[in-house]
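Read through the structure below, which is laid out as structure tokens, and then see the notes.
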Amino acid sequence: MNLLKALAHRALLWGLRAPRLAHPVMPEGLALPGQQIRPVWIEGEGGSQLFGWFIAPPAHQALPAPAAVLMHGWGAHAGLMLPAAPWLHEAGLALLVLDARGHGLSSAVDFQSLPRFAQDVEAGLAWLRQQPEVDASRLALIGHSVGAGAVLLSATRQPDVRAVISLSAFAHPAEIMQRWLIEMRIPTRWPGRWILSHVQEVIGARFDDIAPLRSAAAVSCPILFVHGQDDETVPFTDALRLAQASGAGEGACMAVPGGHDLTVGLGPDHVQRMTRFLRSSLQLSPA
């Protein structure tokens, strides 16, 4: 029986592994001055090494400047968050765009999880606080998908975070796992129940305790939930549920045309609203 469980454990980790996509050490084609971007390595949990790009504040911004950590989603990498960098930078922020462990150029890991993503976000925050260009009292978190769940969880544990932008977050990991079981045609009773229980044992946390629904209700700073209207990976209704849980209601939810990847759907009006949100939350003056 122990052998059977060990084999099932290995099969589960293999089935839930995140694909690893490489990217250049320096970003290509980014509409920012090259001298303001530098690759950095940050020590993460357990001595791991996290790769990221630090983008210094724009020349027009008084120093020290507010800053944000950007975290990608499952199976992605820091480069996929870079389309947001130019307008965030123009708004006056310094930026740290990170690869989570097991993604991009960061250290390999036996498994990844939402709590581990959150640990990587928090390592990024700790690094930002030490930078002379950064105002450690004006920090924001921006994450996509699992990265959005991670920044929400981190914000519950980092009281100095002043703003969170959640992009395409899911409401509850148990619901994501249930959909995965159905997709893989695994019976939800057995072995489905064992899988859900074992995943929680492996990651060291109950789904209920790390659910974005719970985090959204516990975060004290303002949150903006941005979500694709036609998202087939995570339904738009999850954003509405999260906004309600946060206490801000539907006014904190911004609908974007398109699906889970928001790059195409984000237009000037959406960018302006996110910029206003950050300027208000971080006490940034218009450029």
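The values are calculated or read from the model by the stated rules, or taken from the named source; none is laboratory data. In this text, all values refer to a predicted model and were calculated from it rather than measured experimentally. Cβ sites come from the backbone with ideal geometry, for glycine too, and all protein chains shown count toward neighbours.
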Subset of the range 13-72 [part of a loop (DSSP other than H, G, I, E, B), polar (S, T, N, Q) and out of contact with any Ser or Thr (no Cβ under 8 Å at 6 or more places or on another chain)]: Gln61
Enumerate the pairs (first residue in the range 47-62 and polar (S, T, N, Q); second residue anywhere and surrounded by 22 or more Cβ atoms within 10 Å (Cβ to Cβ) and part of a strand (DSSP E or B)) with beta-carbon separation below 9 Å, excluding pairs fewer than 6 apart on the same chain, so at least 6 apart or on different chains. Gln61/Ala94
Subset of the range 215-225 that is more than 16 Å from the chain's Cα centre (by Cα) and part of a helix (DSSP H, G or I) - its residue that is nearest to Phe170 (Cα to Cα): Ala217
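Please tell me if Ser168 is surrounded by fewer than 18 Cβ atoms within 10 Å (Cβ to Cβ) and hydroxyl-bearing (Ser, Thr, Tyr). Talk me through it step by step, then tell me what you get.
Values: surrounded by fewer than 18 Cβ atoms within 10 Å (Cβ to Cβ): no; hydroxyl-bearing (Ser, Thr, Tyr): yes.
Spelling it out, it is not the case that Ser168 is surrounded by fewer than 18 Cβ atoms within 10 Å (Cβ to Cβ) and hydroxyl-bearing (Ser, Thr, Tyr).
Out of the range 128-152, which residues are among the hydrophobic types (A, V, I, L, M, F, W, C) and more than 18 Å from His227 (Cβ to Cβ)? Reasoning before the result, please.
As a first pass, look at the range 128-152 and keep what is among the hydrophobic types (A, V, I, L, M, F, W, C): 128, 134, 136, 139-142, 146, 148, 150-152.
Passing the criteria: Leu128, Val134, Ala136, Leu139, Ala140.
Listed residues Phe111, Phe51; which is of a type in the set (Phe, Trp, Tyr) and modelled with pLDDT under 95?
Details: Phe51 fails: modelled with pLDDT under 95.
Only one candidate qualifies: Phe111.
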Selection count where residues are farther than 17 Å from His172 by Cβ and either in a helix (DSSP H, G or I) or touching a residue at least 60 places away in the same chain (Cβ under 8 Å) (or both), scope the range 226-260: 6
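Just to check your reading of the model, which residue among Leu88, Leu93, Leu98 is in contact with a strand residue (DSSP E or B) (Cβ under 7 Å, 6 or more places away or on another chain), in contact (Cβ under 8 Å) with a residue 12 or more places away in the chain, under 30 Å from Glu201 (Cα atoms) and buried (at least 24 other Cβ atoms within 10 Å of the Cβ)? Break it down stepwise before answering.
Values: Leu88 fails: under 30 Å from Glu201 (Cα atoms); Leu93 fails: under 30 Å from Glu201 (Cα atoms).
Step by step, each of Leu88, Leu93, Leu98 is checked, and only Leu98 is in contact with a strand residue (DSSP E or B) (Cβ under 7 Å, 6 or more places away or on another chain), in contact (Cβ under 8 Å) with a residue 12 or more places away in the chain, under 30 Å from Glu201 (Cα atoms) and buried (at least 24 other Cβ atoms within 10 Å of the Cβ).
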Which of the residues belonging to the range 177-206 are in a helix (DSSP H, G or I) and closer than 16 Å to Arg116 by Cβ? Val199, Gln200, Glu201, Val202, Ile203
Restricting the range 114-164 to residues that are in a helix (DSSP H, G or I) and of a type in the set (Ser, Thr, Tyr), the one farthest from the chain's Cα centre (by Cα) turns out to be Thr156
Just to be sure I understand the filter: pairs with C-beta atoms under 7 Å, separated by 6 or more residues or on different chains, first member in the range 152-168 and farther than 17 Å from Val134 by Cβ, second member in a strand (DSSP E or B) and among the polar types (S, T, N, Q). Which pairs pass? Leu152/Ser166
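Find the residue count for the range 226-243, including only residues that are within 14 Å of Leu152 (Cβ to Cβ) and either basic (Lys, Arg) or over 18 Å from the mean Cα position of the chain (by Cα) (or both).
Within the range 226-243, residues that are within 14 Å of Leu152 (Cβ to Cβ) and either basic (Lys, Arg) or over 18 Å from the mean Cα position of the chain (by Cα) (or both) number 1.
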Here is a check on your reading of the model: is Ala65 surrounded by 19 or more Cβ atoms within 10 Å (Cβ to Cβ), in contact with a Pro (Cβ under 6 Å, 6 or more places away or on another chain), within 22 Å of Ala123 (Cβ to Cβ) and at pLDDT 95 or above? yes
Collect the residues in the range 261-287 that are of a type in the set (Ser, Thr, Tyr) and either part of a helix (DSSP H, G or I) or in contact with a strand residue (DSSP E or B) (Cβ under 6 Å, 6 or more places away or on another chain) (or both), keeping them in residue-number order. Thr275, Ser280, Ser281
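For every residue, the table says whether it meets (1) among the small types (Gly, Ala, Ser); (2) out of contact with any helix residue (DSSP H, G or I) (no Cβ under 6 Å at 6 or more places or on another chain); (3) surrounded by fewer than 24 Cβ atoms within 10 Å (Cβ to Cβ).
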{"residue": "Val69", "(1), (2), (3)": "no, no, no"}
{"residue": "Trp74", "(1), (2), (3)": "no, no, yes"}
{"residue": "Ser107", "(1), (2), (3)": "yes, yes, yes"}
{"residue": "Ala150", "(1), (2), (3)": "yes, no, no"}
How many residues are at pLDDT below 90 and small (Gly, Ala, Ser) when one looks only at the range 182-205? 1
Odd one out for Asp135 among (1) modelled with pLDDT under 95; (2) surrounded by 15 or more Cβ atoms within 10 Å (Cβ to Cβ); (3) charged (D, E, K, R): (1)
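Per-residue answers, yes or no, for (1) modelled with pLDDT under 95; (2) of a type in the set (Gly, Ala, Ser); (3) in contact with a Pro (Cβ under 7 Å, 6 or more places away or on another chain):
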position: Leu98; (1), (2), (3): no, no, no
position: Ser107; (1), (2), (3): no, yes, no
position: Arg116; (1), (2), (3): no, no, no
position: Trp127; (1), (2), (3): no, no, no
position: Gly147; (1), (2), (3): no, yes, no
position: Leu167; (1), (2), (3): no, no, no
position: Gln178; (1), (2), (3): yes, no, no
